[in-house]
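Have a look at the structure below, then the notes.
The values are calculated or read from the model by the stated rules, or taken from the named source; none is laboratory data. From a predicted model like this one, the values you see are computed outputs, not experimental measurements. As a convention, Cβ positions derive from the backbone with ideal geometry for all residues, glycine included, and neighbour counts pool all protein chains shown.
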Amino acid sequence: MKALQATGIVTSAHQLVVDVPSDVSSGPHHVVVVLDETLTPEPSVASWAELALPGAQWPAGGLSLRREDLYADTGR
């Protein structure tokens with residue numbers, strides 16, 4: 001008997017997907033699953049609106065990315 005600790009993913013089809021070490025032979029195995037309900041789900045990808053700083057506003061007249069506007073008179 002071998003004890004493994006791994007993180008699995010439960011799919012929307014209610015199937016458990018777990019990667020096991022290469023020294024585990026293929027074929028049927030008796031498996032005991034303990035669900036740790038304290039795990040937090042992975043965060044979803046944030047939208048651009050969520051990434052904006054609180055209270056930040058878009059510059060009046062739009063955002064200029066011209067070299068002259070970015071680097072002033074010195075050009076650097």
Tell me yes or no: at least one residue of region 49-70 is in a loop (DSSP other than H, G, I, E, B), at pLDDT below 80, surrounded by 10 or more Cβ atoms within 10 Å (Cβ to Cβ) and among the aliphatic types (A, V, I, L, M). yes
Criterion violated by V24 - all others in (1) surrounded by 10 or more Cβ atoms within 10 Å (Cβ to Cβ); (2) in contact with a strand residue (DSSP E or B) (Cβ under 8 Å, 6 or more places away or on another chain) satisfied: (2)
